Amino acid sequence: MNAQKRNRLIAAATVTTVLLLVVLVAIMIYQIVEICVLNKRRQEIKDQIEEYEDQLSETEDLIDYYTYGDGLYRLIIEYGILD
C-alpha cells in the first residue's frame, strides 16, 4: 500500500506539473500575440503622427505664402478687392 500511495503521489505531481506548464505556455503565447498587436498599433500611430506633421508643415507654408507677398496679392485680385 505504501508503494501505491507513492505512485499516486508521483502521478499527481506529474499531472500538476504538466498542467502548470501548459497554462504557462498558453500565457506566454497570449503575451507574444499581444506584444505584436501593440507594436503594430504603435507603428500605425507613428505613421499618423508623421502624416500630421507633414500636413502641418504644408499648412504653415501656405499660411506664410498667403500672409506675405504674392499669395496675398493674388487673393486680393481674385476676390476683386483691388482692380
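Quick notes on this structure:
- Qualifying residue in the range 59-72 (condition: in a helix (DSSP H, G or I), loosely packed, with under 10 Cβ neighbours inside 10 Å and without any contact (Cβ under 8 Å) to a residue 24 or more places away in the chain): yes
- Hits in the range 1-23 - residues which are of a type in the set (A, V, I, L, M) and exposed (fewer than 10 other Cβ atoms within 10 Å of the Cβ): Met1, Ala3
- Ala13 being part of a helix (DSSP H, G or I) and either modelled with pLDDT under 95 or in contact with a His (Cβ under 7 Å, 6 or more places away or on another chain) (or both): no
- Test: residue in the range 74-82 that is assigned to a helix (DSSP H, G or I), open to solvent by 100 Å² or more (accessible area, probe 1.4 Å) and out of contact with any Ser or Thr (no Cβ under 9 Å at 6 or more places or on another chain): yes
- Verdict on Glu34 being at negative phi and open to solvent by less than 100 Å² (accessible area, probe 1.4 Å): yes
- Hits in the range 42-79 (condition: of a type in the set (Lys, Arg) and at pLDDT below 85): Arg74
The values are calculated or read from the model by the stated rules, or taken from the named source; none is laboratory data. What you are looking at is a predicted structure, and each value in this text was computed from that prediction instead of being measured. Note that we place each Cβ from the backbone using ideal geometry, even for glycine, and neighbour counts take in every protein chain shown. Accessible surface is based on the protein model in full, side chains and every heavy atom, while ligands, DNA and RNA are left aside. Shrake-Rupley method; radii C 1.70, N 1.55, O 1.52, S 1.80 Å.
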